[in-house]
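Data first, discussion second: the structure below is written as C-alpha cells.
Readers should treat all values here as calculations from the given coordinates under stated rules, not as data from a laboratory. For clarity, every value in this text was computed on a predicted model and none was experimentally measured. Here the Cβ positions follow ideal geometry from the backbone for every residue, glycine too, while neighbour counts run over all protein chains shown.
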C-alpha cells in the first residue's frame with residue numbers, strides 16, 4: 001500500500017568494490033534491460049536493411065530521424081558529431097521511462113541520483129566542448145551582448161548561477177515528473193483497494209472512480225514518458241548549441 | 001525564433017508542473033505510508049520506515065551511479081560504433097538508390113524525347129517528300145493533259161477547216177450547177193415566150209448578176 005515502495009532499490013547480487021556498495025540491483029537490471037532493448041531494436045530492426053522498411057525497421061528509422069532532425073534544428077549543423085551522444089541520452093531516458101510503465105518493473109529515471117548524473121554528464125560535456133572550442137573566450141558567455149557594462153556586476157552572477165543551475169533543473173524536471181507520475185498511479189490504485197476493503201459492496205462501486213482516473217493517468221504517463229525524454233534531449237541540444245555558438 | 005521560445009516554455013511548464021506534482025504526491029505518499037505503517041497488516045512498512053523517500057537514501061547512490069555509468073557508456077559505445085552507422089548506411093543507401101533511380105528515369109525520359117523528336121522529324125520528312133511527289137505527279141498529269149488538249153484542239157481545228165473547205169467547194173459547185181441550169185432555163189423561157197433567141201453567154205451573165213445580187 002505504500003506508494004513509495006516502488007522506488008525501493010533492492011540488491012539482486014551483492015558487489016562491493018573498493019569499499020563502495022555497487023551491488024547489481026533492480027535499478028541496474030532495468031538499465032541493462034533498457035540498453036539491451038535499444039540495441040536490439042536498432043540491430044534487429046535494421047538487420048533486413050530493406051529498401052522499403054518493415055515495422056521494426058520503420059521504428060528504428062523514425063527514432064533515428066526524429067533525433068537527427070532535433071539535433072539539426074536545435075543544435076545546428078556543426079553539432080553532427082554529437083548526434084550519437086544526444087541519441088544515447090534520448091533513447092536511454094525514453095526506454096527508462098517506458099520500461100517503467102510496465103507493471104512490476106522499476107523506473108530508474110525516477111531516482112534523482114540517476115537523472116542528476118545524466119544531467120551532470122551533459123553539463124560537463126557541453127562545458128568542456130565550449131572550453132575546447134572557444135578557450136577562455138567561453139567566459140564572455142556570462143555577459144550578454146549589448147547589455148550596458150554598468151549592469152555587469154548584476155548580470156554576470158545571474159548568468160553564472162543560471163548556467164550552474166542547468167544540471168539541477170534538468171535532473172529535477174525528469175526525476176520529479178517520473179516520481180510524481182508513478183506515485184500518483186500507486187496512490188489512486190491504493191484508493192481503490194482501500195475503498196473495497198473498507199466499504200465492501202459500496203466501496204466496489206466507489207472504487208471504480210479512482211480506477212477510471214488511473215486509466216486516464218496511465219495514458220497521461222505514457223505522454224510524460226515521451227515528453228520528458230524529448231525535453232531532456234532537446235535541452236541537451238540547446239546547450240550544445242550554446243557551447244558551439246556562445247550566443 | 002518563436003519555435004525555440006515555445007520549446008523553452010514547454011520545458012519550463014513541464015518542469016513546474018512536475019515539481020508541483022511531485023511535492024503533492026510525495027506529501028500524499030507520506031501520509032499513506034504513515035497510514036500503512038500504523039496498519040496492523042503492513043507487509044513492508046518497516047523496511048524503509050527509517051529512510052523515508054528511497055530516492056534520498058545516499059547508501060544507494062554508489063551502485064546507481066556505477067551501473068548508470070557502465071550501462072550508459074556501453075550504450076554510447078554500441079550506438080556510436082555499431083548501431084547508428086548501420087542505420088545511417090541504410091538510410092544513405094536508400095537515398096542514393098532513390099536519387100540514382102530518379103536520374104535514371106530522367107535520362108530515360110531524355111532518351112525517349114530524343115527518339116520522339118527523331119520520329120517527328122522523319123515523319124515530317126516523309127510527309128514533305130510525299131507532298132513533293134504528289135505535286136510532281138500532279139504537274140506531270142497536268143502537262144500531259146495540256147499537251148493532249150492542244151493536240152486534240154489542233155486536230156479538231158484541222159478537221160473543221162477541211163470540212164468547211166469541202167462544204168465551201170460543194171456550195172460553189174452547187175451554185176455553178178444552179179447557174180448553168182438557170183441560164184439554160186432562162187434562155188429556154190425567153191425563146192418560148194418572147195421568141196427571142198438569147199445568146200448563152202448573155203443568159204449566163206444575167207443569171208450570174210442575179211445570183212450576185214441575191215448573195216450580197
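Contact order normalised by length for chain A, with contacts defined as Cα pairs under 8 Å and 6 or more residues apart; what percent is it?
Working: 254 pairs, mean separation 62.2, N = 247.
The normalised contact order for chain A reaches 25 percent.
Using helices alone, what [θ] at 222 nm do you get for the protein assembly as shown, with -39,500 (n - 2.57) per DSSP H run of 4 or more residues, divided over all residues and rounded to the nearest 500?
Working: 12 runs with 356 residues, N = 463.
The per-residue figure over the protein assembly as shown is -27500 deg cm²/dmol.
How far is the Cα center of the range B:111-147 from the Cα center of the range B:161-204, in Å?
The range B:111-147 and the range B:161-204 have Cα centres spaced 74 Å from each other.
Classify the range A:86-241 as rounded, prolate or oblate, taking a ≥ b ≥ c as the square roots of the eigenvalues of its Cα gyration tensor: rounded when a/c is under 1.5, otherwise prolate if a/b is larger than b/c and oblate if not.
Note, shape of the range A:86-241 comes out prolate.
How do A:137, A:77 line up, fewest other C-beta atoms within 10 Å first?
Numbers: A:137 11, A:77 8.
Neighbour counts put them in this order, fewest first: A:77, A:137.
Over the Cα atoms of the protein assembly as shown, how large are the radius of gyration and the largest Cα-Cα distance (Dmax), in Å?
57.7, 198
Which whole number gives the average count of other chain Cβ atoms within 10 Å of the Cβ atoms across peptide A:41-49? Could the numbers behind the result be given before it?
On the way: counts 1, 7, 5, 0, 4, 8, 2, 1, 6.
Mean inter-chain Cβ contacts per residue within 10 Å come to 4.
Tell me, what does the Kirkwood hydrodynamic radius of the range B:168-215 come to in angstroms if you use every pair of distinct C-alpha atoms? Numbers along the way, then the final one.
Details: mean 1/r = 0.0903 Å⁻¹.
Averaging 1/r across every pair of different Cα atoms and inverting gives 11.1 Å.
For a footprinting-style exposure proxy, rank A:127, A:121 by other Cβ within 10 Å, fewest first.
Values: A:127 15, A:121 19.
The most exposed by this proxy come first: A:127, A:121.
Taking a ≥ b ≥ c as the square roots of the eigenvalues of the Cα gyration tensor of the range A:1-52, is the shape rounded (a/c under 1.5), prolate (a/b larger than b/c) or oblate?
Numbers: a/c = 5.77, a/b = 1.97, b/c = 2.93.
Judged from the Cα gyration tensor, the range A:1-52 comes out oblate (a/c at least 1.5, b/c at or above a/b).
Using only the Cα atoms of the range A:186-247, build the gyration tensor, take square roots of its eigenvalues as a ≥ b ≥ c, and label the shape rounded, prolate or oblate: rounded if a/c is under 1.5, else prolate if a/b is larger than b/c, else oblate.
On the way: a/c = 8.21, a/b = 5.14, b/c = 1.60.
It is prolate, given that a/c is not under 1.5 and a/b is the larger ratio.
Cut-off is 10 Å between beta-carbons; in what order do A:93, A:128 appear when sorted fewest neighbours first? Present the calculation step by step, with values, prior to reporting the outcome.
Details: A:93 27, A:128 11.
Lowest count first: A:128, A:93.
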